[in-house]
Amino acid sequence: MALAFDEYGRPFIIIKEQEQKSRLRGLDAQKANINAGKAVARILRTSLGPKGMDKMLQSPDGDVTITNDGATILEQMDVDNQIAKLMVELSRSQDYEIGDGTTGVVVMAGALLEQAEKLLERGIHPVRVAEGYEMASRIAVEHLEHIAQKFDFNVTNIEPLVQTCMTTLSSKIVNRCKQTLAEIAVKAVLAVADLERKDVNLDLIKVEGKVGGKLEDTELVYGIIVDKDMSHPQMPKRIEDAKIAILTCPFEPPKPKTKHKVDIDTVEKFQTLRQQELKYFDDMVQKCKDVGATLVICQWGFDDEANHLLMHRNLPAVRWVGGVELELIAIATGGRIVPRFQELTPEKLGRAGLVREKSFGTTKDRMLYIEQCANSRAVTIFIRGGNKMMIEETKRSLHDALCVARNLIRNNSIVYGGGSAEISCSIAVDAAAYRYPGVEQYAIRSFSEALDSIPMALAENSGLQPIETLSAVKLQQIKENTPFCGIDCNDVGTNNMQEQNVFETLIGKQQQILLATQVVKMILKIDDVISPSEY
């Protein structure tokens with residue numbers, strides 16, 4: 001604390017804490033914020049598109065993640081700056097809502113901020129810039145509706161869905177077998193989809209992975225895979241027409257709940273106690289046999305004695321199965337989860353046509369397949385890969401593909417990819433700018449320039465001359481009035497995305513533009529940053 005005097009000689013006190021806060025005001029604050037947003041976008045820019053690079057992230061405890069999924073990169077990055085955290089939130093919300101396009105939305109926001117910086121330097125008020133962006137985003141979203149095409153598909157003709165999922169997978173590591181993976185994703189979604197309600201519950205699709213084998217060995221199992229094996233090595237490895245008892249109670253004698261001690265001072269007493277335990281186990285196993293169960297799946301363990309008894313009485317069992325898996329097994333087999341042995345009835349048993357144990361490689365890795373279930377609404381995608389990172393990345397890529405298939409079932413409109421939709425919107429927004437008399441038209445024109453940054457980044461990442469390529473495609477779109485000319489990233493020799501079969505979902509694209517605009521408006525309206533000083 002310090003004492004100071006003002007010009008009239010009156011004392012006033014300066015409190016120490018105040019001087020430790022750093023503060024940015026006005027244009028400086030906006031520039032600092034814009035730079036933070038641009039820095040995040042710059043990191044993701046190189047991982048956009050089919051030729052995009054991957055990022056390797058190491059967590060503090062040494063786990064390494066290799067990915068080019070925008071949401072994952074930003075989730076794992078350690079971000080301190082508050083504005084950069086907004087960008088992380090942005091990609092997360094795109095991930096929650098759409099599942100795909102997480103990189104594009106951040107690149108788009110970064111480009112909008114970059115354009116805004118130029119406008120602010122010219123002395124245009126940030127609120128006017130924000131309003132102009134809002135108008136432009138409305139024009140772009142309407143234009144997307146205008147150029148979108150409907151895709152009709154049904155259970156027999158799934159080709160349109162597969163093509164769209166392939167576009168998503170082509171920008172990931174797994175692009176060499178994108179055809180197979182896209183088909184698997186579409187079949188999985190259609191297996192659990194409710195086409196009347198146009199709804200898909202992705203929780204019913206379980207994605208499992210096991211190291212070893214190659215990516216091409218990835219398979220779709222109409223049923224559930226549990227990473228467990230039979231509790232006794234001599235139990236049968238294959239059960240047909242299984243009736244499954246799903247238990248959440250342990251195969252153990254009840255423990256005395258009180259703090260009393262049981263004193264056993266003679267051999268006879270010990271024998272009676274042992275007989276009691278045996279009878280208890282016997283009753284449990286008998287109850288399962290009585291209701292007609294041919295397989296017991298238990299959430300808890302059972303001791304060796306129970307295991308031996310189960311083996312002896314020909315009742316195969318699986319122990320330590322997790323809660324989520326139990327629920328999926330119950331959904332798939334149409335069984336009920338039973339919390340007490342007394343409640344077991346024949347109606348509560350699940351049914352599966354085939355339960356088999358499959359071993360992998362030369363090790364003792366075994367997994368249990370529960371197939372041909374009574375209710376095939378739960379499916380499993382089983383991924384194989386050369387190493388753990390490959391499997392993790394494949395899981396993330398498949399999640400994107402599943403989300404795209406789900407979005408297409410919800411709304412079957414598509415736009416063309418390869419940056420063609422953005423170029424088309426950019427032309428439309430630029431043409432509309434002349435209709436606005438105020439300062440906003442500068443912002444609208446900047447928005448159209450920002451839209452060009454996505455095709456530009458695609459061209460850059462594909463090793464093409466970015467500006468030349470973009471201007472050639474733009475000219476072609478204006479001349480021929482075709483909204484599906486895009487960047488030829490894979491060097492096929494044609495710009496026509498219709499021929500290349502590069503599709504994206506309409507709702508995904510609209511969401512990208514709307515979310516990016518919202519975040520940028522929010523960042524532009526901050527003009528004072530008060531942050532605690534660094535010690």
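The values are calculated or read from the model by the stated rules, or taken from the named source; none is laboratory data. As the structure is a computational prediction, the values presented were derived from the model and not from experiment. A quick note on method: Cβ atoms are made from the backbone with ideal geometry, for glycine too, and the neighbour counts reach across all protein chains shown. Please note that ligands, DNA and RNA were not included when accessible areas were found on the heavy atoms of the full protein model with its side chains. Shrake-Rupley method; radii C 1.70, N 1.55, O 1.52, S 1.80 Å.
Of the residues T180, T164, the one with the largest accessible area comes first in the ranking T180, T164, computed with a 1.4 Å probe on protein heavy atoms. Beyond 23 Å between alpha-carbons counts as too far, so tell me which of K118/K509; K206/K228; K38/K509; K287/K364; K172/K474; K214/K388 fall in that bin. In this structure, K118/K509; K287/K364; K172/K474 lie more than 23 Å apart at Cα. A simple spin-label model places the labels of L27 and N175 4.2 nm from each other, with each point 7 Å out along Cα-to-Cβ.
On the accessible surface of the chain, probed at 1.4 Å, how many percent belong to carbon and sulfur atoms? Here carbon and sulfur together make up 51 percent of the probe-accessible area. The residues of region 288-406 have, on average, 43 Å² of accessible surface per residue, using a 1.4 Å probe with all protein chains present. Only DSSP H runs of four or more residues enter the estimate; each adds -39500 (n - 2.57), and after division by the residues of the chain the mean residue ellipticity at 222 nm equals -15500 deg cm²/dmol. Principal-axis analysis of the Cα atoms of the chain puts helix 126-147 at an angle of about 60° to the longest axis. Which net charge results for the neighbourhood of I478, defined as the other residues with beta-carbon distances under 14 angstrom from its beta-carbon, given Lys and Arg at +1 and Asp and Glu at -1? Local net charge: -1.
Treating r as the C-beta distance of R128 and F12 and R0 as 41 Å, the FRET efficiency rounds to 0.55.
Quick one: Cα centre-to-centre distance for region 75-105 and region 475-535, in angstrom? Using only Cα atoms to place each centre, the spacing works out to 15 Å.
For the pair K388 and Q234 in one chain, pulling the backbone fully straight at 0.36 nm per residue adds 52.3 nm over the alpha carbon distance.
How far is the Cα center of region 22-54 from the Cα center of region 181-241, in Å? Spelled out, the Cα-based centre of one part sits 40 Å from the other. A Cβ-based charge dipole, computed about the Cα centre of region 1-137 with Lys and Arg at +1 and Asp and Glu at -1, lands at about 540 debye. Extension gain, Q342-Q76: 0.36 nm per intervening residue step, less the Cα-Cα distance, totals 91.0 nm. The list (1) 1.28; (2) 1.79; (3) 1.50 gives values of Cα Rg over 2.2 N^0.38 Å, and only one came from this structure; which label was calculated from it? This structure yields the entry labelled (1).
Remark: the I264-E89 segment gains 56.6 nm on full extension, using 0.36 nm per residue and subtracting the alpha carbon distance.
Please list, in order, the residues from region 358-386 whose amide nitrogen is less than 19 Å from a point placed 7 Å along the Cα→Cβ vector of D203. Under 19 Å, as judged by backbone N against the label point of D203, lie 375-381 of region 358-386. How far is helix 26-45 tilted, in degrees, relative to the longest principal axis of the Cα atoms in the chain, given as a value from 0 to 90 rounded to the nearest 10? Between the helix axis and the principal axis of the chain, the angle is about 50 degrees.
Do you know the relative contact order of region 47-203, to the nearest whole percent, from alpha carbon pairs under 8 angstrom that are 6+ apart? It rounds to 16 percent for region 47-203.
Taking a sphere under 15 Å around the Cβ of R197 and counting the other residues whose Cβ falls inside, with K and R at +1 and D and E at -1, yields a net charge of +1. Between the listed residues Q163, A450, V502, the Cα displaced farthest toward the positive end of the dipole of the chain, a dipole computed from Cβ unit charges relative to the Cα centre, is found at Q163.
With axes computed from alpha carbons, what is the tilt in degrees of helix 440-451 against the longest principal axis of the chain, rounded to the nearest 10 within 0 to 90? So the inclination is approximately 50 degrees. The residues of region 56-209 expose on average 45 square angstrom of accessible surface per residue, using a 1.4 Å probe on protein heavy atoms. Each Lys or Arg adds one and each Asp or Glu takes one away; over the other residues whose Cβ falls under 14 Å from the Cβ of I147, this sums to -3.
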